[in-house]
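Below: one structure, written as structure tokens.
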Amino acid sequence: EDRGFRGLVPAGWQELAPANLARGSSATDPAYFVLEAQPVTAAELFSDLAGQLGLDPGLEPRTRAKIGSLMWDLYTIEIQGHPADLALAADGEKAYFVLLISPPDEHTILYDQLFLPAVEAMAGL
């Protein structure tokens, strides 16, 4: 509520910062999950994320889909050798993103059971 959006976060994961969670099932567990909203355009937010994550600023989304209340650009990327999924949307007031970094052997299950439900639940207040 303090950050102006509602969303879904995984139970039992360690919150490192507001809506930035690490699963931490072991010292080497790469599973990491982020929800965020910023009062910027989707293009501005993508540009910022591309810089932070070392992505090609010209990267095109894998697909575009209406999920929940927003139209999302969905990207499949790699971060530090691990599969990662990024969803980015805007509603005219804010831009939103959901990011999930997964271990390769758990990518599909975390995508289906955490990432997609979180994207669907994400909305402004």
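Each value in this text was obtained by applying a stated rule to the coordinates, not by laboratory testing. Computed from a prediction, not measured in an experiment: that's the story for all the values here. We place every Cβ from the backbone using ideal geometry, glycine too, and count neighbours over all the protein chains shown.
All alpha carbon pair distances within the chain were sorted into 10 Å bins beginning at 0; the resulting P(r) in whole percents reads 13, 48, 34, 5, 0.
What does a probe at D29 reach in region 89-123, counting residues whose amide N is under 20 Å from the point 7 Å along Cα→Cβ? Taking a point 7 Å out along Cα→Cβ of D29, the residues of region 89-123 whose backbone N falls under 20 Å are 99-118. When the square roots of the Cα gyration tensor eigenvalues are ordered a ≥ b ≥ c, the ratio a/c for region 51-125 is 1.5 or more and a/b does not exceed b/c, which makes its shape oblate. For T108 and I79, the FRET efficiency from 1/(1 + (r/R0)^6), where r spans their Cβ atoms and R0 equals 25 Å, is about 0.90.
I need the calculated FRET efficiency for the pair K66 and D2, taking r as the beta carbon distance and R₀ as 30 Å, to the nearest 0.05.
0.65
Close amide H partners of T41, meaning residues 5 or more places away or on another chain with modelled amide H under 5 Å apart, do not exist here.
For the chain, leaving out every one of the trypsin sites (Lys or Arg not before Pro) that falls in a DSSP loop and has at most 16 other Cβ atoms within 10 Å, the longest unbroken run is 63-125.
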